[in-house]
Amino acid sequence: MSLPKDNKDSIAEPVKGLEGIVAADTKLSSVNGEKGILRYCGYNIDDLAFDTTFEETICLLYDTELPNKERLDEMTKRIGEARVLPKEVIKVITELSGKTSPMSTLRTVVSSLGHFEKNVPLNELPPKALRLVGQISTAVAIIHRLREGLPLIEADPSRGHAEDFLRMLHGKEPTPIQVQALNLYLILLADHGFNASTFSARVTAGTLANMHSAITSAVGTLSGPLHGGANEKAMEMIIEVGNVDNASSFIENALNTKQKIMGFGHRVYKVDDARKPHLKGMAKKLWEERGDMELFNISEEIEKQVKARKEIITNVDFYSAPLLYGLDIPTDLFTPLFAMSRVAGWTAHVLEQYKNNRLIRPRARYVGTIDRTFRPIEQR
Ligand SMILES: CC(C)(COP(=O)(O)OP(=O)(O)OC[C@H]1O[C@@H](n2cnc3c(N)ncnc32)[C@H](O)[C@@H]1OP(=O)(O)O)[C@@H](O)C(=O)NCCC(=O)NCCS
């Protein structure tokens with residue numbers, strides 16, 4: 001390696017993947033990877049997971065306080081009213097329908113929505129952020145219905161976010177357990193410290209680029225299989241295993257051939273992901289309601305087989321997969337559903353970044369050749 005000695009960047013050893021680096025302060029969420037605890041604004045998610053709604057989590061992340069009834073009603077109404085897309089954006093989805101993945105379309109949708117927003121001062125930004133939370137769910141439903149050639153269903157602002165989304169997506173009333181399951185999913189995935197997509201949103205916001213640019217960065221970052229894309233891949237694996245008896249040989253082979261098992265492993269958790277038991281329990285409940293335990297049993301067997309062979313934690317994406325599939329969500333909508341939840345955290349982080357901004361700009365160590373002799377193009 002030839003390192004330019006006149007540059008102090010060349011001396012510093014880079015921290016690969018920024019592992020263990022604390023990049024900023026936040027009041028939004030904290031992850032204790034040793035004990036498997038996730039808190040939103042100081043509240044353990046075990047206390048938030050049940051008997052609350054996604055809207056309550058949004059209030060908590062935006063206000064850093066749990067709402068009273070009046071505040072919650074106001075926010076629920078505003079999110080409900082936001083579940084509408086400009087007709088121009090529906091045209092964009094129509095154009096892209098069937099030509100690209102739902103996650104790529106969603107990225108373009110978020111970017112397009114920015115054209116219909118004015119630049120506003122910081123104190124007027126929360127309503128704009130909230131609009132995006134509402135709009136993303138409608139966009140996911142529309143992306144699906146257009147590609148299936150189904151008529152679009154208008155939002156009903158009087159309904160809760162989870163319930164209305166399922167109705168807009170499937171065109172029928174969801175059961176109370178289905179609404180509870182989606183609420184739980186949306187609550188549990190809403191924020192998670194400086195995960196890759198949140199970090200990319202904050203990097204973009206740190207340049208004082210606008211909210212929609214920051215969230216477009218986040219959607220793009222979430223799409224990768226090492227981040228939000230893992231839930232889709234986990235479901236594909238569960239389907240491919242196909243039978244409880246196949247799990248052992250499938251996992252044996254995957255590990256022997258050094259494949260990454262999707263839904264396992266985590267940069268921060270040293271014990272199972274704090275969200276896993278809740279997602280697992282709810283996935284079980286959903287499949288019990290369906291009267292068909294096959295896919296859930298395969299999932300449980302895969303987990304058992306992985307743990308028997310490797311000391312590796314089960315992360316949020318593994319049991320998200322049978323939960324979402326149990327809601328009849330097609331696998332290529334899994335990551336958009338993740339975005340539908342995480343947009344609460346992304347927007348809250350962008351607001352936090354703007355409030356106390358400092359440009360996020362690390363350095364790189366140059367490891368290429370130095371002091372090369374320049375030759376004009378005709379000599380090359
Ligand atoms: C999440 C993830 C990217 C974290 O990566 P990381 O902190 O960089 O950890 P590494 O990829 O370096 O893994 C460390 C060790 O565990 C192994 N490992 C990690 N995740 C694994 C997985 N899912 N399956 C099999 N082995 C895994 C690695 O092979 C490596 O083993 P080695 O030391 O014998 O080479 C990684 O665990 C992964 O790719 N998981 C699958 C994708 C996934 O579920 N993503 C969602 C995360 S919420």
Verdict on D317 being assigned to a helix (DSSP H, G or I), of a type in the set (D, E) and touching a residue at least 60 places away in the same chain (Cβ under 8 Å): yes
Quick one: which residue in R275, R342 is modelled with pLDDT of 95 or more, buried (at least 23 other Cβ atoms within 10 Å of the Cβ) and assigned by TED's automatic domain parsing to the domain that holds A162? R342
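For every residue, the table says whether it meets (1) more than 19 Å from the chain's Cα centre (by Cα); (2) under 30 Å from R83 (Cα atoms).
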site: L286; (1), (2): yes, yes
site: V316; (1), (2): no, yes
site: Y319; (1), (2): no, yes
site: D332; (1), (2): no, yes
site: G345; (1), (2): no, yes
site: R358; (1), (2): yes, no
site: E378; (1), (2): yes, no
Report whether or not K233 is within 16 Å of the ligand (Cβ to nearest atom), surrounded by fewer than 22 Cβ atoms within 10 Å (Cβ to Cβ) and not hydroxyl-bearing (S, T, Y). yes
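Listed here are the residues, each with its yes/no results for (1) modelled with pLDDT of 95 or more; (2) within 12 Å of the ligand (Cβ to nearest atom); (3) of a type in the set (G, A, S); (4) surrounded by fewer than 22 Cβ atoms within 10 Å (Cβ to Cβ).
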residue	(1), (2), (3), (4)
V179	yes, no, no, no
H192	yes, yes, no, no
A218	yes, no, yes, no
L226	no, yes, no, yes
M262	no, yes, no, no
State all residues of region 264-281 that are of a type outside the set (K, R) and either near the ligand (Cβ under 6 Å from one of its atoms) or more than 18 Å from I45 (Cβ to Cβ) (or both); if no residue qualifies, say none. F264, G265, H266
Does region 293-301 contain at least one residue that is more than 20 Å from G242 (Cβ to Cβ) and either within 15 Å of the ligand (Cβ to nearest atom) or touching a helix residue (DSSP H, G or I) at 6+ places or on another chain (Cβ under 6 Å) (or both)? no
E300 passes all but one of the listed conditions (1) touching a residue at least 24 places away in the same chain (Cβ under 8 Å); (2) buried (at least 17 other Cβ atoms within 10 Å of the Cβ); (3) of a type in the set (D, E, K, R); the exception is number (1)
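Going by the structure shown, is F264 more than 23 Å from L333 (Cβ to Cβ) and not β-branched (V, I, T)?
Taking the combined requirement at face value, the residue does not satisfy it.
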Scan of region 245-260 for residues that are buried (at least 18 other Cβ atoms within 10 Å of the Cβ) and more than 8 Å from the ligand (Cβ to nearest atom), ordered by number: A247, F250, I251
The helices (runs of 4 or more DSSP H) lying wholly within region 176-267 that contain at least 2 residues that are within 27 Å of I37 (Cβ to Cβ) are 176-188, 196-206, 211-222, 230-241
Answer yes or no as to whether E240 is among the acidic types (D, E), away from the ligand (no atom under 12 Å from the Cβ) and not assigned by TED's automatic domain parsing to the domain that holds L132. yes
Region 324-333: number of residues that are part of a helix (DSSP H, G or I) and either away from the ligand (no atom under 15 Å from the Cβ) or more than 17 Å from K284 (Cβ to Cβ) (or both): 5
Filter result for V92 (under 19 Å from S197 (Cα atoms) and modelled with pLDDT of 95 or more): no
In region 303-314, how many residues are crowded, with 20+ Cβ neighbours inside 10 Å, assigned to a helix (DSSP H, G or I) and not charged (D, E, K, R)? 2
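The values are calculated or read from the model by the stated rules, or taken from the named source; none is laboratory data. Predicted model, so just to flag it, every value in this text is computed and none were measured. Glycine gets a Cβ as well: all are built from the backbone with ideal geometry, and neighbour counts include every protein chain shown.
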